[in-house]
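Have a look at the structure below, then the notes.
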Amino acid sequence: MLKFLDIKMNEIKPGCTRILLKFKDSEVSPEKYLFLKDRLENLECYMNNEYSIKLGMDYNEHYEQLTIEVTILTPEHLMPKDIESAMKIFMDHLGTIENFYEAQCSIFDKSCSKALRC
């Protein structure tokens, strides 16, 4: 199960804010990682395309842990001025990423179940 670890936000240049979201899943087999690695590349298509999204993954095979870092570059004109609106955007991103990840895990689990029945 994916767990949210950290959020960092900073202005990387005038007019552009970087939001870094970090997640970890501590129950990822090597087979599941190979499946997720390809699927998670589609995260950018799944999210709002007004933002630039970069995905970083680090898999520890010994501990079967997957760490995911999602970097979202937000243009100034899309960044809210008040903290409440900004928090809503962060929470929306968190939910979108978690939902997408869990959906991909569910697809993997179902495909494994079908393969074992054959």
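The values are calculated or read from the model by the stated rules, or taken from the named source; none is laboratory data. Bear in mind the structure is a predicted one, so any value in this text is a computation, not a measurement. Positions of Cβ are generated from backbone atoms using ideal geometry, with glycine treated the same way; all protein chains shown enter the neighbour counts. Side chains included, ligands, DNA and RNA excluded: accessible areas come from the protein's heavy atoms. Shrake-Rupley method; radii C 1.70, N 1.55, O 1.52, S 1.80 Å.
For this structure, a couple of remarks:
- Ordering F108, G95, C16 by Cα displacement along the dipole of the chain toward the positive end leaves F108 in first place; charges were set at the Cβ atoms of Lys, Arg (+1) and Asp, Glu (-1).
- Efficiency of FRET from Cβ geometry, K54 and S111, R₀ 25 Å, rounded to 0.05: 0.35
- Over 26 Å between alpha carbons, listed pairs K37/K88; K8/K81; K22/K114; K54/K114; K88/K110: K37/K88; K22/K114; K54/K114; K88/K110
- Taking all Cα pairs closer than 8 Å and separated by 6 or more residues, the relative contact order of the chain comes to 28 percent.
- Taking θ as phi - 60° and the Karplus parameters 6.51, -1.76 and 1.60, the scalar couplings of the range 99-112 work out to 4, 4, 4, 5, 5, 5, 5, 5, 4, 4, 4, 5, 5, 5 Hz in sequence order, x denoting glycine and proline.
- Candidates Y59, Y51, Y101: whichever shows maximal mean-square fluctuation once the chain is modelled as a Gaussian network with Cα springs under 10 Å: Y51
- Given (i) 0.94; (ii) 1.03; (iii) 1.40, the label whose value is Rg/Rh (Cα atoms, Kirkwood Rh) derived from this model: (ii)
- A simple packing score, the average count of other Cβ atoms within 10 Å per residue, orders the peptides 33-40, 103-110 as 33-40, 103-110, with the highest score first.
- Sparse-neighbourhood loop sites, GluC sites (Glu not before Pro) in the range 22-61 - DSSP loop, at most 15 other Cβ within 10 angstrom: E27, E41, E50, E61
- Largest first, the residues C45, C112 sort by 1.4 Å accessible area into C45, C112.
- Helical runs (DSSP H, four residues minimum) scored at -39500 (n - 2.57) apiece and divided by the length of the chain put the mean residue ellipticity at 222 nm at -14000 deg cm²/dmol.
- Listed peptides 77-89, 9-21 by packing density, highest first (mean Cβ within 10 Å): 9-21, 77-89
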